[in-house]
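What follows is a short report on a single structure.
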Amino acid sequence: MTTWIAILAVAAGSYVFRFLPLLVLGGRDLPPFVDGIARHGGTAAIAALIATQVASGSTGTADALAAVLALVASGAVALAGRGLVTATVAGVATFVALDPLINALTTGGPA
Amino acid sequence: MTATTPISRSAAADTHRGAVDRAAARDGVRDMLVLLVGIVPLGVVVGATTAEQTSAVAALASATTIFGASAQLATTGQLAAGAGLGAAVVTGLLVNARLVAYSASLARRWRGQPQRFKALAATTLVEPTFALAGNDAQTEREPAGVRHHYAAAAATLWLGWMAATAAGVAIGPALPELEVLDLLVPISFSVMLAPTLRTRAGRAATASAVVAAVLANVAGAGNPLLFAIGAGAVAGALAERGRP
């Protein structure tokens, strides 16, 4: 039940975000600071989610480092204008290549 | 993004009440199909992940109602991690707060469009549809053509997104337990985040959110995610104001 309430609440709130400005703003603009908060809130949320997911998913410093390097690789490929698929493959390949290597270097043997 | 040609005079004359501007609709479908190539893999990941965190039905329901990968993953991810209902809802809404800016931008372009169109179009407002609506503003379409272009693009996106999500729900249980698969969601997020790093404000928002998340985790804060989001949003807005 909690899951369904959460989904419906986020869906309803998201629809308000999507429709309310269309309904009330017409040709007017949001106040600049409010507009900035709205736009950068999404960026901040995604960055925070990445940080917390890496921290909670990693089983140690070596894994966290390999994960961070994988994220940097995928982000760099995306910044270079490559598509989602290419960037994702770059991130996965980086992790697969570096995780055992970093674990071996930090523990003195295979993970 | 492919260039679109202005509609012909005869097509414009035909777009009376009830008639469909077929050229505009075809443009909408074609333009969205190009974007779907990159969106489908994300849909598969989102479907598999949210189905594992909740259920197959909840994954499909959230895909169509929330209609945003990052907010959907944020909401179900928080619940799966043991967060309370309030925290999960607030997190999902904060991730989707950017939709206010998209809607405000389209409010100018869609001035004069019927309210029922705006009400329906709002259900599918997200990055791909916003981007195509913005590109379409460069063409010289009649108002009906604008509506038909958006509706066709949005319908194409919805069908593609739901198909990809369903595929993810179906194949998710068959995927092996590999550590790298747990990274697919953060990797997808990093790809979404990358374009924002081109601006100073985007970099400020990102860096502040990451630092705040790490510090809040170390300090054992009650809800590090919300603290980090707030810090990042304010930092981004302030960085924008600080530009000379």
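The values are calculated or read from the model by the stated rules, or taken from the named source; none is laboratory data. If you're wondering where the values come from, they're calculated on a predicted model, not measured in any experiment. Glycine also receives a Cβ, built like all others from the backbone with ideal geometry; neighbour counts cover every protein chain displayed. Heads up: the accessible areas ignore ligands, DNA and RNA and are worked out on the full protein's heavy atoms, side chains in. Shrake-Rupley method; radii C 1.70, N 1.55, O 1.52, S 1.80 Å.
Quick notes on this one:
- The range A:64-108: proportion of alpha-carbon pairs further apart than 12 angstrom, %: 56 percent
- Acute angle (nearest 10 degrees) that the helix A:2-24 long axis makes with the longest principal axis of chain A, alpha-carbon atoms: 50 degrees
- Solvent-free Debye calculation, one equal scatterer per alpha-carbon of the protein assembly as shown: log10 I(q)/I(0) at 0.10, 0.11 Å⁻¹ equals -0.62, -0.75.
- Chain B, accessible area per residue, ligands and nucleic acids excluded (1.4 Å, Å²): 45 Å²
- Helix A:61-79 axis, angle to chain A major axis (alpha carbon atoms, nearest 10°): 50 degrees
- Gaussian network model of chain A, Cα within-10 Å springs - most flexible of A:63, A:29, A:99: A:29
- Mean partner shielding of peptide B:224-237, defined as the number of other chain Cβ atoms within 10 Å of each residue Cβ, is 6.
- Helix-only [θ]222 nm of chain B, DSSP H runs n ≥ 4, -39500 (n - 2.57) each, per residue, nearest 500: -24000 deg cm²/dmol
- Accessible surface of residue A:72 - all protein chains present, 1.4 Å probe, nearest 10 Å²: 90 Å²
- Stretched out straight at 0.36 nm per residue, the stretch from residue B:199 to residue B:57 would grow longer than its current Cα-Cα span by 47.2 nm.
- Note on the range B:74-220: semi-axes of the ellipsoid equivalent to its C-alpha gyration tensor, largest first and rounded to whole Å, are 33, 21, 15.
- Derived scalar couplings ³J(HN,Hα) [the range B:197-204; Karplus, 6.51 cos²θ - 1.76 cosθ + 1.60; whole Hz; x for Gly, Pro]: 6, 6, 10, 5, 5, x, 5, 5
- The Cβ shell under 13 Å around residue B:36 holds other residues with a net charge of -1, Lys and Arg each +1, Asp and Glu each -1.
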